[in-house]
Amino acid sequence: MSFDLLIPTQLMAALLPDIVLMVGAMVLMLYAAWRPDSVQHQRSVGMASIGLLVATLGAVIYMAWRGDTAAQGVIAVDGFRWSVDVVILIAALGTIALAIEYNIRQGIAQAEMHVLVLFATAGMMVLAAGRDLMVIFLGIEIMSVAVYVLAGFNRRSGAAAEASLKYFLLGAFATGFLLYGIALIYGATGATQLAEIASRIAEHRLWGSTMLLVGLGLLTIGLAFKVASAPFHMWAPDVYDGAPTPITAFMASAVKAAAFATFARIWYETFQLLSFAWGPVLWWLAVLSMVIGNVVALSQQNIKRMLAYSSIVHSGYLVVLVLANSAAGTAAFVFYVLAYTLATFGAFAVVSLMQEGNDEPVRIADFAGLWHARPGLAVGMSVYLLALLGFPVFGGIGFFAKWYLVVAALTSDINLVLLAVIVVVTSVISAGYYLQVIRVMFMQPRADDARSVPITGPLTKAVLATTVAVILFFGVFPTPVTAWSEWSALPRYYRTPVGGPPIAPGTLAPPPAASPAPEAN
Amino acid sequence: MNNEFYPLFFSFHFYLFGLIALASALLFVTRKSPVAAALWLVNVMFCLAALYVMLDAQFIGAIQVLVYAGAIMVVFLFVVMLLNLGRPEDVSDIRGQFPRLAAGAVGLALLAEVMVLARAKFPAQIESAIPSGDLSRGEPGGIIGPVAELLLKDYVLAFELSSMLLLTAIVGAVVIGRKRS
């Protein structure tokens with residue numbers, strides 16, 4: 001059926017998975033506070049959270065199976081939303097599974113950690129659905145506020161406190177940009193709903209409006225902060241390094257996926273006609289993220305910082321897909337986000353096992369000879385790193401993600417050939433640091449005084465086994481994932497400005513009279 | 001208050017409250033004692049409330065007084081006084097030349113932005129869509145009606161989500177603020 005989102009009952013029906021998660025999270029919040037803190041209680045709240053996330057995943061799949069649609073409104077009911085929800089929920093499931101055992105190892109007894117992960121997940125699902133700048137803003141804030149706290153959850157760690165405060169201050173700063181941008185866009189168009197903004201831009205030929213362009217610029221800066229893309233990436237390495245490792249995995253995967261999903265949706269659904277203005281900006285954002293992230297990652301000794309810079313590189317790749325501005329781009333986006341989430345998740349899961357004390361950084365040298373001590377972990381880590389690299393066969397699904405990324409860049413209406421070349425070249429450079437870890441694990445002897453790696457708990461083991469299996473399986477049979485991501489692509493449509501020339505497919509924005517800016521490239 | 005019928009009255013009060021607000025804001029950032037600064041900020045809030053009332057937004061004006069001048073600033077003062085931060089000698093907001101210059105530059109940038117935006121024109125179609133005139137008279141809900149309409153109909157999802165945001169913030173604050181286990 002097609003939902004009419006102005007009718008409250010239908011709005012609620014369209015929000016079914018979100019409501020399941022939010023209500024469940026509130027109940028679990030009470031349950032978490034019911035008993036005094038203990039490691040056991042933390043574990044039971046965590047298990048209940050896993051159950052709730054599975055139920056939410058079921059609700060998402062049910063909604064996707066029903067295939068409902070909705071007229072333009074505050075939220076979207078489409079395949080893109082459900083696919084991003086699935087990725088977010090997978091990441092949240094992994095986070096809680098890792099966190100339960102990480103908390104036991106580190107002696108963290110506060111059960112609220114899982115509840116905050118659920119709240120953050122609820123915010124992300126709102127982001128995936130939001131089609132109104134107000135709703136999107138609130139989704140970003142629900143997600144961010146929960147993650148600020150999660151980053152500093154380990155109260156005994158000075159690094160975690162520093163990470164949390166740094167993230168909070170810079171995040172609040174970015175929020176300011178975001179909100180100011182939204183306010184100016186509202187001022188220029190008089191609307192907050194994406195479709196409404198788009199149609200007013202087309203109708204009133206607003207692409208020369210200074211207020212709109214300034215608002216768009218501020219919105220871009222705010223979102224670039226949230227997805228940690230260069231030159232707005234400064235916070236990411238410190239925060240990823242200081243936060244508890246399961247939370248780092250959550251930030252690098254789910255937070256990034258959700259922020260990028262809304263990034264893609266806003267740009268794709270709203271600002272098509274302004275692509276002459278944001279095209280060059282996003283082009284440079286992508287190039288800077290890829291180049292800076294790669295160059296700095298090469299010199300990192302601390303593996304969490306190395307993976308943080310790698311995540312900055314990947315946000316550069318994802319910006320390419322936002323820039324591609326095509327249905328193929330959004331399909332490749334879903335595919336890429338899934339592959340990246342699984343690989344990042346696994347890599348951080350292995351790192352979380354290597355972490356001994358609270359503030360002790362895990363160095364790449366600590367992985368020396370891991371193959372001799374723990375062959376399973378070494379093989380798993382190799383698969384994740386090869387997937388991040390986009391290596392064929394052994395990198396599994398990661399190879400196809402890169403493949404579709406390059407194809408989407410080459411087939412885009414916008415000329416992105418140079419960008420595709422940069423993607424390939426920087427991928428080759430990234431082999432320098434990904435393969436370095438693999439070389440150290442397999443080719444160096446285990447030092448006698450090397451850290452003992454704790455025994456892998458059943459939940460962490462399940463996370464590792466599932467991610468490796470999925471990465472490798474769909475690396476051989478990618479067709480189901482490809483079909484799924486094509487199903488979830490945002491539909492392509494053009495808007496014709498009133499009285500203006502129709503935009504022929506294959507061209508970019510209408511030639512604005514006032515500012516004839518060149519195409520991105 | 002309608003600026004079409006009472007232009008002099010309107011501009012007199014606009015400049016009166018505007019200048020008081022500006023002067024209070026200046027005093028707010030230059031006072032060394034946090035308590036005095038906070039009280040000047042309350043003054044700014046009151047002046048802004050008066051400006052809202054002049055713009056026919058009496059409801060927002062009242063909320064401004066209740067929430068900002070009332071609740072938030074009182075809590076602020078409580079914190080300042082309870083933590084005994086009210087001694088001016090060990091508190092200095094702006095140190096050195098560079099922060100002063102940076103603050104001045106930001107101020108100039110904002111001023112330039114206001115100038116640019118003030119010149120921007122709404123397209124006629126949008127201007128006609130913006131509600132104008134006297135909302136306070138002749139509307140069944142008074143001036144709160146349109147606000148309620150927006151809050152509970154068009155933006156009901158955003159309204160509900162903000163309660164979710166506040167809940168998250170409260171849980172987070174309690175978790176961070178609790179004694180270390």
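The values are calculated or read from the model by the stated rules, or taken from the named source; none is laboratory data. Not measured: the values here are computed from a predicted model. Quick reminder, even Gly has a Cβ in these numbers, built from the backbone with ideal geometry, and neighbours come from all protein chains shown. Ligands, DNA and RNA are stripped out before the accessible areas are found, and what is left, the full protein with its side chains, is counted by its heavy atoms. Shrake-Rupley method; radii C 1.70, N 1.55, O 1.52, S 1.80 Å.
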query = Of the conditions (1) modelled with pLDDT under 90; (2) within 18 Å of the chain's Cα centre (by Cα); (3) over 23 Å from residue B:144 (Cα atoms); (4) open to solvent by 30 Å² or more (accessible area, probe 1.4 Å), residue B:68 fails just one. Which one is it?
reply = (3)
task = Determine the pairs where a residue that is more than 10 Å from residue B:20 (Cβ to Cβ), located within segment B:34-55, has a partner that is at pLDDT below 90 and of a type in the set (D, E, K, R) with Cβ atoms under 8 Å apart, the partner being 6 or more residues away or on another chain.
result = B:37/B:31; B:40/B:31
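So which residues in segment A:206-227 are part of a helix (DSSP H, G or I), under 12 Å from residue A:174 (Cβ atoms) and among the β-branched types (Val, Ile, Thr)? First the steps, then the outcome.
Looking only at segment A:206-227, we keep the residues that are part of a helix (DSSP H, G or I), and these are A:206-208, A:210-226.
Remaining after also requiring under 12 Å from residue A:174 (Cβ atoms): A:218-226.
Within segment A:206-227, A:220, A:221 meet the criteria.
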remark   = Those residues of segment A:98-113 which are touching a helix residue (DSSP H, G or I) at 6+ places or on another chain (Cβ under 6 Å) and open to solvent by 10 Å² or more (accessible area, probe 1.4 Å) amount to A:101, A:104, A:109, A:112
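Just to check your reading of the model, which residue among A:159, A:163 is more than 9 Å from every other protein chain (Cβ to nearest Cβ), open to solvent by less than 20 Å² (accessible area, probe 1.4 Å), touching a helix residue (DSSP H, G or I) at 6+ places or on another chain (Cβ under 8 Å) and over 18 Å from residue B:117 (Cα atoms)?
Values: A:159 fails: open to solvent by less than 20 Å² (accessible area, probe 1.4 Å).
The conditions single out A:163.
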task = Could you figure out which of (1) within 25 Å of residue A:346 (Cβ to Cβ); (2) surrounded by 24 or more Cβ atoms within 10 Å (Cβ to Cβ); (3) not basic (Lys, Arg) isn't true of residue A:90?
result = (2)
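For segment A:54-76, check the following and say yes or no: at least one residue is open to solvent by 20 Å² or more (accessible area, probe 1.4 Å), more than 14 Å from chain B (Cβ to nearest Cβ) and closer than 27 Å to residue A:106 by Cβ.
Our first condition is that a residue be open to solvent by 20 Å² or more (accessible area, probe 1.4 Å); within segment A:54-76, this holds for A:54-55, A:57-58, A:61-62, A:64-67, A:69-72.
Those left that are additionally more than 14 Å from chain B (Cβ to nearest Cβ): A:54-55, A:57-58, A:61-62, A:64-67, A:69, A:71.
Imposing the further condition that a residue be closer than 27 Å to residue A:106 by Cβ reduces the set to A:54.
There is at least one residue in segment A:54-76 that is open to solvent by 20 Å² or more (accessible area, probe 1.4 Å), more than 14 Å from chain B (Cβ to nearest Cβ) and closer than 27 Å to residue A:106 by Cβ.
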inquiry  = Suppose we keep only residues that are over 24 Å from residue A:69 (Cα atoms) and crowded, with 18+ Cβ neighbours inside 10 Å within segment A:3-37. Which one would you say is farthest from the other protein chains (Cβ to nearest Cβ)?
reply    = A:24
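How many residues are of a type outside the set (S, T, N, Q), surrounded by fewer than 21 Cβ atoms within 10 Å (Cβ to Cβ) and more than 11 Å from every other protein chain (Cβ to nearest Cβ) when one looks only at segment A:38-49?
Count: 4.
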Flag for residue A:382 being assigned to a helix (DSSP H, G or I), open to solvent by 10 Å² or more (accessible area, probe 1.4 Å) and of a type in the set (S, T, N, Q) = yes
query = buried (at least 21 other Cβ atoms within 10 Å of the Cβ) and more than 20 Å from residue A:135 (Cα to Cα), is that true of residue A:224?
reply = no
inquiry  = Quick check on residue A:141: is it in contact with a helix residue (DSSP H, G or I) (Cβ under 6 Å, 6 or more places away or on another chain), outside any loop (DSSP other than H, G, I, E, B), under 29 Å from residue A:69 (Cα atoms) and within 12 Å of chain B (Cβ to nearest Cβ)?
reply    = yes
inquiry  = For segment A:228-244, check the following and say yes or no: at least one residue is within 14 Å of another protein chain (Cβ to nearest Cβ) and either open to solvent by less than 10 Å² (accessible area, probe 1.4 Å) or not hydroxyl-bearing (Ser, Thr, Tyr) (or both).
reply    = yes
